[in-house]
Amino acid sequence: MKTTQKSLLNVMLLCMVLIGVVLIPTKAYAGSTSDFVIENGVLKEYKGHDADIVIPEGVTLIDVYAFGDGDDDMQYVKSITLPSSLSEVDSGIGFAYDFNAFWGPNLQNIYVNKDNPYFSSDNGILYDKNQTTLIRYPRGKYEMASIPQTVKIIYKGAFSGCCVKDFKLPNSVTHIGQGSFAYLNAYYNGKASKKYLLNIIMPDSITQIDSGAFYDAGIKNIAFPQKITALPDYIFADCQNLATVTIPKTVKKIGYGAFQGRASKTATIKGYKGSYAQKYAKKNNIKFVAVTNTDYASLLKKTKATSKLTINKKKSASIKITLPKDLSSKDVSPTYKSSNTKIVTVSKKGKVTAKNKKGTAKITITIKDVYGNKKTLTTKITVK
């Protein structure tokens, strides 16, 4: 009798599965659906406290305040997964450049459902579908992740509030959006800090920069490429540790409040004698130092690098770049490339790591200065 009852029960369960009464549970969202306040497809508020949030399907827009309105409200969030239905994110960027829907200080990854036609994710960074626009870099991702060469636009507020090491943009980027790097590296663990002040040489590809791009950012030295013709309003406003800004002679306009507040007291503008940059510096009582392209070009010619290295298999060594006395490391930007990655790989800091294979390879070092002058050096690597 028990055997018969058990058989009947199994048949009933099978039938229920086939007609959809019983569903095998899957993780469609974090917590309960009651944690999400959704109005006409807009996620207005998240009431839960999960570290890993999966936004339910049907949501088409995330309100800027969906996860709270400050660090305290969002500090528990480690990752957010966006649904395939999402078509828009409220950036929330205003004059202060200090908030967006993914403002969480500990947010490390933003994931996207693979079927979403508008957004994508790579290394936890949010992009548009074709990865031509970097939309948001998570604030909790301190080690600077590689940005693909497909990226042309850094979206408004993309790095706002972030703190990253070894900041570098690919040469494909042409447009820096409003407040893209506001507060970048100026604060660490919620407090003003000088821990990770940046020296930045912008890529040659940059042609447009929008207002407040580096508002109150933790920048020490920055240089702009020759294609730039204007610096926008409030670009360095309140940058309290800004030391030097190298401006090319192509710049004919510097916007309102560009060095407003603390930046005007700490910064020195470097540029060509008789340039617009010099006139601007004089008018706004900012220290100016005249330099010439020839100065840098002649100095760059004297730059040297390790000519050869011998490394054991699976071991590492670093390439040393030697600059002439009057050329500072903040004035140059080296890049490295291995001729054979099956023998050795090389990091962006020049650390060479041998694979488990004997052989030789060549590391090509391209050194670019603040005016776009370049010098190419090579290091021969032997793996034994």
Name the single residue, out of those in segment 242-266 being in contact with a helix residue (DSSP H, G or I) (Cβ under 6 Å, 6 or more places away or on another chain) and buried (at least 21 other Cβ atoms within 10 Å of the Cβ), that is farthest from N185 (Cα to Cα). I254
Taking Y76, is it hydroxyl-bearing (S, T, Y), out of contact with any strand residue (DSSP E or B) (no Cβ under 7 Å at 6 or more places or on another chain) and either over 18 Å from G104 (Cα atoms) or modelled with pLDDT of 85 or more (or both)? yes
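A quick yes/no check of all residues on (1) modelled with pLDDT under 95; (2) closer than 26 Å to A243 by Cβ; (3) of a type in the set (S, T, N, Q); (4) assigned to a loop (DSSP other than H, G, I, E, B):
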residue	(1), (2), (3), (4)
G274	yes, yes, no, yes
A277	no, yes, no, no
Y280	no, yes, no, no
F288	no, yes, no, no
A297	yes, yes, no, no
L300	yes, yes, no, no
K314	yes, no, no, yes
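For (1) of a type in the set (A, V, I, L, M); (2) in the same structural domain as F119 (by TED's automatic domain parsing); (3) over 26 Å from N109 (Cβ atoms), each residue gets a yes or a no:
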site	(1), (2), (3)
G157	no, yes, no
C162	no, yes, no
D166	no, yes, no
Q178	no, yes, no
S193	no, yes, no
G212	no, yes, yes
I228	yes, no, yes
Taking segment 222-238, which residues are closer than 21 Å to K168 by Cα, at pLDDT below 95 and outside any strand (DSSP E or B)? F224, P225, Q226, K227, I228
For I269, state whether it is among the aliphatic types (A, V, I, L, M) and either free of Cβ contacts under 8 Å to residues at least 12 places away in the same chain or buried (at least 22 other Cβ atoms within 10 Å of the Cβ) (or both). yes
Every listed condition ((1) buried (at least 16 other Cβ atoms within 10 Å of the Cβ); (2) in contact with a Pro (Cβ under 6 Å, 6 or more places away or on another chain)) holds for K302 save (1)
How many of the residues making up segment 368-384 are crowded, with 20+ Cβ neighbours inside 10 Å and within 22 Å of V344 (Cβ to Cβ)? 3
Per the filter on segment 340-370, residues farther than 27 Å from F224 by Cβ and not in a loop (DSSP other than H, G, I, E, B) are V344, T345, V346, K351, V352, T353, A354, G359, T360, A361, K362, I363
Residue that is farthest from D210 (Cα to Cα) [pool: residues in segment 144-173 that are of a type in the set (F, W, Y) and at pLDDT 90 or above]: F159
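The values are calculated or read from the model by the stated rules, or taken from the named source; none is laboratory data. Predicted model only: the values in this text are computed from it and were never measured. Backbone-built Cβ (ideal geometry, glycine too); neighbour counts: all protein chains shown.
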